[in-house]
Structures are given as C-alpha cells and as structure tokens.
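Remarks on the structure that follows.
The values are calculated or read from the model by the stated rules, or taken from the named source; none is laboratory data. Just so it is clear, the model here is predicted, and its values are computed rather than measured. Methodologically, a virtual Cβ is constructed for each residue, glycine included, from the backbone with ideal geometry; neighbour enumeration extends over all protein chains shown. All accessible areas refer to the heavy atoms of the entire protein, side chains included, with ligands and DNA or RNA removed. Shrake-Rupley method; radii C 1.70, N 1.55, O 1.52, S 1.80 Å.
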Amino acid sequence: MKILKVVAGLVLVLIPVLVVLAPIGPLPGVFIGGTNTPSPAQWPETTGVDEIRLKVPATGPRVVIIWVVQYEADLYVVGNSASGWVEMLGQGGPVAMRLEGNTYALRAERMSSGWEPVLQAYVDKYRTDYPDIVGGFPSMDEAKGLISVFKLSR
C-alpha cells in the first residue's frame, strides 16, 4: 500500500511537469519526442497531416505544434511574424521537425520572395477543416510583414 501511495504521488508530480514541458495546443513546450530519422530523398504525402511539432533551438528551446503544407515537393510552415518561434528563427536556422513518429534535423529558411503561392496552398489545405481560423488570416496583400513563410530543407 505504501508503494502505491508513493507511485501515485510521483504521478501527480510528474503530470504537471510534463504538461509544462510538452507542447499542448497553442502552448509551446521543450520536448519534441519521436525517433531521430534521416530525412528522406522525397517527403511522403502530407495532405492528411494537419500538425507537426517544430523545435526551434535557442537558449530555451521552443517546441510548437504547427500546421504544415507541402508545395512542389517541399515542406513549409507559416507563422505570425510577431510570434515567439518566428522571432527566435529570424531569417532561418536549424530546426527539428516531428512528422508523425519521426523527428528530422532540418533547416528552416525564411522566404523573402515567392512565398505567395505557398501561403495560398496553406490556406487552401486548411480552409475546409478550419474555416473560422483560416477566415481570420490576412489577405495576400496584407500578409507581407505580418506572416512569415519558412521552407524546411534537408
């Protein structure tokens, strides 16, 4: 009985710690999880994948759960230019991406031009399932400076 109380106490302590360290919804975390995997020569189809985890290394690494879009065989993520993870990346840098159970070491490159078709593919992908969220996105004309698009390179 004493062991059961100790185990129950540990579980009660560990759950809040994991909640703080793991990303949950819009709240960033520290742990990305998954199995470290070499990047494939070609990404699998991601049409049915809504979310990935993206780890931005820094003094305090940040892991966010974020949408991903595949455009012309490459993967991209989009974020509000004022968000913490976007500011941490700046113009780009090393990241880790967890796609399903695999974690890949990649480089995020901020697109300074040619990002419009990627953003349109992103909006088109998520519009049906998340109309309220996508409906709140800025227009393509307004997006410049407000939205940052990053290509995830091997």
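Observations, loosely collected:
- Taking each residue as 0.36 nm, the span from Thr35 to Val49 lengthens on full extension beyond its C-alpha to C-alpha distance by 3.3 nm.
- For the pair Ser81 and Ile133, label points projected 7 Å from Cα toward Cβ lie 2.2 nm apart.
- The residues of region 29-135 expose, per residue, 52 Å² of accessible area to a 1.4 Å probe.
- Straightening the chain between Glu142 and Met88 buys 17.2 nm, computed as 0.36 nm per residue apart minus the Cα-Cα spacing.
- Carbon and sulfur %, accessible surface of region 73-140 computed with the full protein complex present, 1.4 Å: 49 percent
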